[in-house]
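Everything below concerns the one structure shown next.
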Amino acid sequence: MPTFKPLLLNFLLASTLISGSSQAFAQGHEGPEDFRIELTGAAWLTGPTGSLTADGTPINFVSDLAVGAQQPRFFGRLVLKPSRKQRIVLEGTPTSFSGVNTIERSFIYLNRVFNISQTVKSNADIDYAYLGYEYDPLTGRWGHLGFGIGAAYLAVDGTLIGVQSNITESKALHGFLPLPGADFRIFPIPGSKMLEVEGTLRGLAVGSYGYYVEGMASGGVRVSSITFLAGYREMFANLHEDGGLGNGVVLHLKGPIFSLQWRW
């Protein structure tokens, strides 16, 4: 399981700074967190590692599907604030990876070695969506610290097409899971919203079914109503269906992320 120590340290720093500024929050003046709509569009430079297992047979994203190369993928987020301390968050990442790979296998029969080579075209579709509610116990001119609960949807589909044999094999795993988490934003310059640092951490362990963790941290500069952000995002899913075949997915997506953010 990947480590999220840098993001956890950011959350600790955020809670310390924001809680220490409670008097400023109590003033009630309009600040950078007093908005109604926030829209973020980002390019996430990532590629999958791990495997997808169905009917007891694993398909590796890198060695079998050859789709592990990092490529820019879209990440979007919409935040609605019905009140100063409440947020409704909708975000998602639709991704599709394709590749061509030559799979070679060998076996021994009657003391002779036989080699089999097959060129395959591959495709991996990984779609993620999240809808949640967040409450910010601390919010004001320095930023906010919030905690939320929502539902995440993860759909992973892998397809192999044998060029010589024209055989197609597909495997898929779709599912929903509840996802608690925390979110923060800090404006480090007093009285200014030009610079900001923000982060999100969510995760859930589901017993014998596995676990899911995702996190993102970024910082940037605001110019007029647009904020330019650069950071890092990571997602790790180790989820399995109940049963003896071990059907499930082990998926790791990580990489730098570059965002444009607009608030109104």
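The values are calculated or read from the model by the stated rules, or taken from the named source; none is laboratory data. Bear in mind that the values here come from a model prediction, so they are computed numbers and not experimental data. With ideal geometry, Cβ positions are generated from the backbone for all residues, glycine too; neighbour counts draw on all protein chains shown.
Consider region 115-141. How many of its residues are under 17 Å from the mean Cα position of the chain (by Cα), farther than 17 Å from Leu80 by Cα and of a type in the set (Ser, Thr, Tyr)?
The total comes to 1.
Can you say whether Ile88 is modelled with pLDDT of 60 or more and under 24 Å from the mean Cα position of the chain (by Cα), as far as the supplied structure shows? Yes; evaluated as a whole, the condition is true for this residue. Against the test of being among the charged types (D, E, K, R) and modelled with pLDDT under 95, the options Glu234, Glu214, Glu241 yield a single qualifying residue, Glu241.
Just one of the listed residues (Thr53, Thr3) is on the phi < 0 side of the Ramachandran plot, of a type in the set (Ser, Thr, Tyr) and modelled with pLDDT under 80, namely Thr3.
Might you check whether a residue that is at pLDDT below 95 and surrounded by 20 or more Cβ atoms within 10 Å (Cβ to Cβ) occurs anywhere in region 173-194? The answer is yes; a qualifying residue exists.
Give me the residue from region 20-50 that is of a type in the set (Phe, Trp, Tyr) and under 19 Å from Ser259 (Cα atoms) and, out of that set, modelled with the highest pLDDT. Out of the qualifying residues, it is Trp44.
Can you name the strands (runs of 3 or more DSSP E) wholly within region 171-264 that have at least 2 residues being in contact with a helix residue (DSSP H, G or I) (Cβ under 7 Å, 6 or more places away or on another chain)? Break it down into steps so the answer makes sense when it comes.
Numbers: elements: 195-205, 210-223, 226-240, 248-263.
In region 171-264, 195-205, 210-223, 226-240 are the strands (runs of 3 or more DSSP E) which contain 2 or more residues that are in contact with a helix residue (DSSP H, G or I) (Cβ under 7 Å, 6 or more places away or on another chain).
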